[in-house]
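Here is the structure we will look at, set down as structure tokens.
The values are calculated or read from the model by the stated rules, or taken from the named source; none is laboratory data. Source: prediction; values computed, not measured. So basically every Cβ, Gly included, is an ideal-geometry build from the backbone, and we count neighbours across all protein chains shown. These area figures cover heavy atoms from the full protein model, side chains too; ligands, DNA and RNA do not enter into them. Shrake-Rupley method; radii C 1.70, N 1.55, O 1.52, S 1.80 Å.
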Amino acid sequence: MDELDSQPGQPRGCTHRPRFRTMAHQQTSPRSVELEFGGPLGTAAMLLLLPVVLFHLLLTCHSGPCSLLNLPSELPPTSAFWSPWALLLLLLWLGLQATLYLLPMGKVSEGRMLRDKSHLQYPINGFRCLGLTALLVGLGLAGGLPLGSLSELLLPLASAATAIAFILSLLLYLKSFTAPPSALAPGGNSGNIIYDFFLGRELNPRFGSFDLKYFCELRPGMIGWALINLALLLQEAERQGGWPSLAMGLVNAFQLVYVVDALWNEEAILTTMDIIHDGFGFMLAFGDLAWVPFIYSLQAQFLLNHPQSLELPVAGAICLLFAIGYFIFRGANTQKNTFRRDPTDPSVAGLETIPTATGRRLLVSGWWGMVRHPNYLGDLIMALAWSLPCGVTHLLPYFYVVYFTILLVHREDRDERQCLQKYGLAWREYCARVPYRIVPYVY
Ligand code: NDP
């Protein structure tokens, strides 16, 4: 009998086995035994591949043919990848966002209970920080700030962000050895340097009350993504002698809605896998600081270099698709968050639920009775909607949809394993009653 079989509520002979096994004597410092992302080899490959893919896509997007399957015919000189000004700009941006984060505004929320039974406090001021950033950018633009020229600095900015992500991950890895065992993440404590560097050893690394992971999750990268999009729109408008294209306007508007929504609902990230399960290592540091702003803005980058015309009826159909995606995404996320915060709230009190051994219940009707991850479905529909304005002549604008599908399918699998570990038989019952994972009758 292994450690798992002795856990309450854990079904025997279960085919979908949890990956993390906690030794009884290591309750406060679980050693990650079964590894994810292909273990040390897989994570070593990803350490190299993720930055390579990032730069390949940036270069391809700015090349004439913009072909995803071919290498760019001419590589720019190495000096194009590096600029001290880009590094300075990025450091100023991080400094600005960190200063805004520290401003005593908005409420303070408590995170989930940690293994040592304590709770961390988180400032819920992301939306206000976005507002203040918008105000500063607006004032800058009124004062003649040439924001459009940011689009010419994307390559060195991406290099600086990648370098900062590597340095930050190294510091986080070293810092984790000063943390108590109970502060380590269940998944990033395998003992293998590369694996733990990638996944992140410490769950919530902090300097005083400054939470590094929580800060990076939604602020510098997400707000930076919206800012880069705006710079690309302004650059396009300048090139066209006044107005941006309808396609660029739609991409900017959809993605801005996504960023604003994330910050408006910032409190909801306190119960996500990133905050309660994953450590803070290269995966999240690179993802938040380099991947999100530079990969997620690929559609706008593509449109600046490869203008597309969009008929009004097509634009209308795309808006409808986005609205459907957003409706599902927001409906599902709000329903679960409301239910987790207050199951007696009138908007969720009538929903059917399954009890679990933990005392927490699982929703089995409403959005969460349709598929096991309705929020992912909505997210994917929105991703498709903001790629479609780029037309169908190139694959590159659809990279995000393909990557995001892979990410969410993998994430869904990880979440299922964690839920099976948490809820045991109750989770099995939920899976039996809601058989589809993301797309009804398909997957
Ligand atoms: P989810 O919001 O999907 O949360 C999963 C958790 O919800 C489970 O671990 C479980 O936790 C709870 N849960 C699952 N099923 C039920 C149920 N039937 N009833 C009640 N609770 C349930 O997690 P994610 O962090 O993956 O995603 C959050 C959002 O972020 C999503 O909308 C996703 O699309 C988006 N996202 C976007 C990314 C991007 O790069 N744009 C990347 C990743 C995510 P518990 O029971 O402990 O509460």
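What is the helix-to-structure angle for 126-142, meaning the angle in degrees between its Cα long axis and the longest Cα principal axis of the chain, kept from 0 to 90 and rounded to the nearest 10? With rounding to tens, the tilt is 10 degrees. The alpha carbon centroids of the range 50-67 and the range 103-140 are separated by 34 Å.
Report, in listed order, any pair from LYS117/LYS213; LYS117/LYS336; LYS107/LYS422 with a Cα-Cα distance greater than 26 Å. Provide the component values of the computation, followed by the final result.
Values: LYS117/LYS213 20 Å; LYS117/LYS336 24 Å; LYS107/LYS422 30 Å.
The answer is LYS107/LYS422.
Work out, in µm²/s and without decimals, the Stokes-Einstein translational diffusion coefficient of the range 262-372 at 10 °C, 1.306 mPa s, Rh from Kirkwood over C-alpha pairs.
Numbers: Rh = 17.5 Å.
Value of D from the Cα-based Kirkwood radius: 91 µm²/s.
For the pair the range 340-359 and the range 247-297, the centres of their Cα atoms are 28 angstrom apart.
Ignoring ligands, DNA and RNA, what percent of the accessible area of the range 135-236 is carbon or sulfur (1.4 Å)?
Details: 2710 of 3550 Å².
Here carbon and sulfur together make up 76 percent of the probe-accessible area.
Per atom type, the range 310-442 shows carbon and sulfur on 65% of its accessible surface, probed at 1.4 Å.
The residues of the chain expose, per residue, 45 Å² of accessible area to a 1.4 Å probe. Seen against the Cα atoms of the chain and their longest principal axis, helix 399-423 is set at about 20 degrees. Working from label points 7 Å from Cα in the Cα-to-Cβ sense, the LEU135 to VAL314 distance is 4.1 nm. The C-alpha atoms of the chain define a longest principal axis, and helix 220-239 lies at about 20 degrees to it. Computed over the Cα atoms of the range 163-286, pair by distinct pair, the Kirkwood hydrodynamic radius stands at 16.2 angstrom. For the chain, the spread of Cα coordinates along the three principal axes comes to 69, 49, 47 Å, biggest extent given first.
Size descriptors for the range 119-232, from the alpha-carbon set: Rg then Dmax equal 17.5, 53 Å.
The base-10 log of I(q)/I(0) for the range 310-442, evaluated at q = 0.09 Å⁻¹, reads -0.32 [Debye formula, identical scatterers on Cα atoms, solvent excluded].
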